[in-house]
Structures are given as structure tokens and as C-alpha cells.
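Rule-based calculations on the coordinates, nothing more; no lab input. Here the structure is a predicted model, which means the values were calculated and not measured. All Cβ positions, even for glycine, are placed from backbone atoms using ideal geometry, and neighbour counts span all protein chains on display.
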Amino acid sequence: MNYSNDINLIGLLPDSYVKYIDKEILLKTEKALNYEIKKSKQDLTLIYPKKDDIFNVFWKCPIDNIRVVIIGQDPYHNNINQANGIAFSVSDTYFPPSLKNIFKELKNCYPDIDRKNGNLEDWVEQGVFLLNTALTVNKSMPASHMYIWEKFTDHIIDIIQNKGNIIFCIWGKFAESKVHLIKNTSNIILRSSHPSPFSALKTDIPFIGSQVFLKIDYYLEKLGYSKIKWN
């Protein structure tokens, strides 16, 4: 479903999250998003992902199922068939560069895994919460909706971290800016550079070679959870 009328965000969110969320933050987010939709005039600018996919990661992973959080920035902005409401995930068969590097490091960790599907819903359904900090974006305008969503998604990160015993994957400088939100000391933070080709091999902890998927599984077992079936 595309964007035409005003959006009611509380009507799009699953109940398992609504009961935790500050309604004032949600209302301000909704107001800003509807303003952006009107400003974009729809015939000139498309907004990704599709309306019904905005909270896809929330629907696929109830809050009590979250074991791992991976923080992205905002949805893919070049192709309506890519952004699907799950960070780094795509709905078509083309793998964007960051996703290619994610799968490259996955194969470094588990040589027998060779993913052919870029839709990461199966990870989300196992408790890997792939959260973009902005949940929508204007076509061909990266970060164009960051101002709309940042307080809301910061609020979501705070709600999740407060549960404790969550593994947070902090990939790159942008995700690093969210570390101050993770206050519960029972949480585990795994840092590396971003999987983007511009940074995957850089910094003191490059993404390629970080063994992040092995580390996730190691800490999941220590916390008494099952490993992720990454393939």
C-alpha cells in the first residue's frame, strides 16, 4: 500500500509494542511523517518502504522474543523492491554492497553457509531485531526522514535495552552514537566498523574478520538461548 492519506502509526504497530511506547513520542513522529508526506506531494517523491512494511521488523519479532539488536541507519532509497522494513534486508535478489559484506563475514564464520536470499525475515523471526534508526526515507534521498524517526527509535532501543541480556551489534560510527542508550549492564555490546565497502576493512575492529556471527552465537548460548540458524 502506497502513501495517500494520513498515517495512523498506532494502527500499524503490533500491540506487543504499543503498550510500552510513550504515546506522545509516537504522536509527534506521526505528525512529522504526515507533514513530510504532504510536502513531498506524492507525484514527485516516493517514500520507502511501502506503508504496510514500516513496522515489518516489529511484526516479525515480538518484543519478548528479541535476543539480538543490529542497528542500521535508514531504508534503502533507490528501489521500492529493496526496502522491506528490516535493516539491511532486501525483498529482491540484488544484494546491496553492505549486505554482500554481511554475507561475506557470515561465510567467514560459517564456511558451509551460502545465502542466496537477501530477505532477512528468517533472522528476525529467530529474535534478531534489525532496526533502522529511520523507518522511512524519500526516494534517492538518504537520511531524509532521520529527523522524523530518531526520537522514536531511540525510545525503542531504550525499551529493549532495559529488558537486559540483549546482544547489541554496533556497526560503525552511526550505531556507535546510540551506545549511550544502552545502560543496562547485563547487555552485551559487540563493536566493529560498518559493513559498507567504505569501512568494512577499516578501523581497529574491521567488520570483515570481526567474527561477529560466531560471537553472537557464543553469547546467546552463554545467556541460555539457542544459536541462530543463519542460513
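Key figures for this structure:
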| quantity | calculated |
| --- | --- |
| Euclidean distance between Cα centres, the stretch 109-185 to the stretch 15-38, Å | 18 |
| Net charge of neighbours whose Cβ lies under 9 Å from the Cβ of Tyr3, counting Lys and Arg as +1 and Asp and Glu as -1 | +2 |
| Shape call, the stretch 1-93: gyration tensor on alpha carbons, a/c limit 1.5 | oblate |
| Which of Ile71, Ile189, Leu201, positive extreme of dipole for the stretch 9-222 (C-beta unit charges) | Leu201 |
| Distance violations [Cα-Cα > 20 Å] among Lys23/Lys151; Lys51/Lys116; Lys39/Lys173; Lys31/Lys51; Lys107/Lys215; Lys60/Lys178 | Lys51/Lys116; Lys39/Lys173; Lys60/Lys178 |
| Relative contact order (%) - the stretch 34-181, alpha-carbon pairs under 8 angstrom, separation at least six | 32 |
| Percent of beta bridges antiparallel (DSSP, the stretch 9-222, rounded to nearest 5) | 20 |
| Ellipticity estimate at 222 nm from DSSP helix runs (n ≥ 4, -39,500 (n - 2.57)) divided over the chain, nearest 500 | -10000 deg cm²/dmol |
| Cα shape, the stretch 9-222, gyration tensor, a/c 1.5 rule | oblate |
| Gaussian network model of the chain, springs between alpha carbon atoms under 10 Å - residue of Cys169, Cys61, Cys109 with greatest fluctuation | Cys109 |
